[in-house]
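The structure appears below as structure tokens.
Read-outs throughout are calculated quantities, based only on the coordinates presented, and are distinct from any laboratory measurement. These numbers come from a predicted model, not from an experiment.
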Amino acid sequence: MRLDEYAAHDGTGLAHLLAKGEVTPKELGRCVEQAVAAVNPALNAVIELYPDALEILPEVASATPFGGIATLTKDFPIEAGRPADFGSRLAQGFRAGHDAVYWTRLRAGGLNNVGRTTSSEFGVPAVTESALYGATRNPWNPERGVAGSSGGAAAAVAAGIVPFAQGSDGGGSIRNPAAFCGLIGLKPSRGRVTGAPNGNAPLLGLATVFMLTRSVRDTAALLDLCHGPDAGDGYEIVPPVRTYLDTIKRRPKGLRIALCTRSWSGVQIDPQVVTAARSAAERLSSLGHHVEEASPDFDYPDFLQAQKVIWAADAAAHMPAMARHMNRSLKEMLGTSVYALYRWGLGISGAQLIDALAAYDRVTRQVGRFLAEYDLLLTPTTAMLPELIGTFDPDRAGIDAEDVFNDLAPKETYTALFNATGQPAISLPLGRSRDGLPIGIQLVARFGREDLLLAAARQIEEEVDRTPGVWGQGRPAIHAGDF
């Protein structure tokens, strides 16, 4: 298979070719190798490929939905025995002790993990520019960044290295890179994808895992493979009535949709982002849905303070264990951003943590009541366009925890709320700036309604372009299909 042919397909398209015997998993693995060689020097998205994984790719497709397609996972513990540096010098050389349950489900569905992608340090900074691996660059403009923390995954998918890649989202870490790189990024509802065998969910339930893709049908198929609880999960959720692939064949009608372009955080929203959100609202209206301007009524400063407390307390609780395990100094080996968060977390009291959880309870009720009145909420994904590399240096001297959250604000103004409240949210590549940079638009549904969210996303995808994974955007400046 030629590299341009490979890079033009989404995962479902490649699976069809595998099922017909027109290509083999081993051939697709070679395409991944060629794509990495072609574009990764300019992007720095892939840390490494696993030679052993590439060598054992079969010549015959397996009888699974994805047949043996090669994919990439984030630099976090996903698969037993694989390196997981968390983008940090502190954890460099750490290896996963076991498979994540959701990954075993994806692997059983025909996915092969052949390498790992870059991340911000421990997923904290909103830029994928770590002291350990350097800056990951945006395929649409390599002078621009990819946000964080799943930035390497986003760059790899956008550049055609793989059709989809694994990420995680604790405040926007799937959706923001998806928005910056012109991809689809779904954060499932809390409990939809299990965090087993680790804790119920990282960051006291704020974080979840899933995949970044180029098509809604891939998103639906992947969620079909990995959704559902595991024994002992603290968060469980009503299972879907039908498969998500079946759901996206149905066209929702007459949805009641709230449009919000007001800045919840107070940061300035780029006018081009506002225009893109309003254009998406007009598109939904033209499809027969009722769109009106409305916003959840909640106390953003109260919510933000709770987020700061929970993130910092989590850092203070977990960083020392990693330092002991690796026999390294926190102060010497952590970047200044993460170290500042850790230091602040050491001073958080039990009462402050309980207060933060109570604040999250309040905002969850407020957003839940709002979404009881609407089927979907439409917002920008980020308040800003992709920023220049180096705009925020997560390892600069003198940084404090407040600096970290100030940088997060324009990226997470619209995303972090739904990590707290647990609703499913998806970023769709529905806008372009005057300079050709992607603009992501976020849709949010009621808790547990990934079915409706994906059906609406597919309806929009069909309206934009009938070819899955294209979205009328063309190809990034750096793309494997050009080699």
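Points to keep in mind about this one:
- Number of Lys-Lys pairs in the chain with C-alpha atoms under 30 Å apart and a separation of 8 or more places or on different chains: 13.
- Value at 222 nm in deg cm²/dmol, rounded to 500, when DSSP H runs of n ≥ 4 in the chain each add -39,500 (n - 2.57): -12000 deg cm²/dmol
- For the stretch 186-199, backbone phi angles converted through the Karplus equation (6.51, -1.76, 1.60; θ = phi - 60°) give residue-by-residue couplings of 9, 9, x, 4, 4, x, 5, 10, 5, x, 4, x, 7, x Hz, Gly and Pro being listed as x.
- Residue-wise HN-Hα couplings along the stretch 301-314, as the Karplus relation 6.51 cos²θ - 1.76 cosθ + 1.60 with θ = phi - 60° gives them from phi, are x, 5, 4, 5, 4, 5, 4, 4, 4, 5, 4, 5, 4, 5 Hz; Gly and Pro carry x.
- C-alpha center-to-center spacing [the stretch 356-372, the stretch 9-71] in angstrom: 42 Å
- Less than 5 angstrom separates the built amide H of Gly167 from those of Phe210, Met211, Leu212, all sequence-distant by 5 or more or on a different chain.
- When DSSP beta bridges are restricted to pairs lying wholly in the chain, around 70% turn out antiparallel.
- For the stretch 71-174, the average shadow cast by the Cα convex hull is 6.3 nm², which is a quarter of the hull's surface.
- Temperature 37 °C, viscosity 0.692 mPa s: under these conditions the Stokes-Einstein estimate for the stretch 187-325, based on its Kirkwood radius over C-alpha pairs, is 176 µm² per second.
- For the stretch 375-382, putting each phi into the Karplus relation 6.51 cos²θ - 1.76 cosθ + 1.60 with θ = phi - 60° gives couplings of 6, 9, 10, 10, 9, x, 6, 10 Hz, in residue order, rounded to whole numbers and with x for Gly and Pro.
- Taking only Cα atoms of the stretch 189-255, radius of gyration then Dmax in Å: 13.4, 41
- Inverting the pair-averaged 1/r between distinct Cα atoms of the chain gives 22.0 Å as its Kirkwood hydrodynamic radius.
- Alpha carbon centroid spacing (whole Å) that separates the stretch 300-327 from the stretch 153-202: 21 Å
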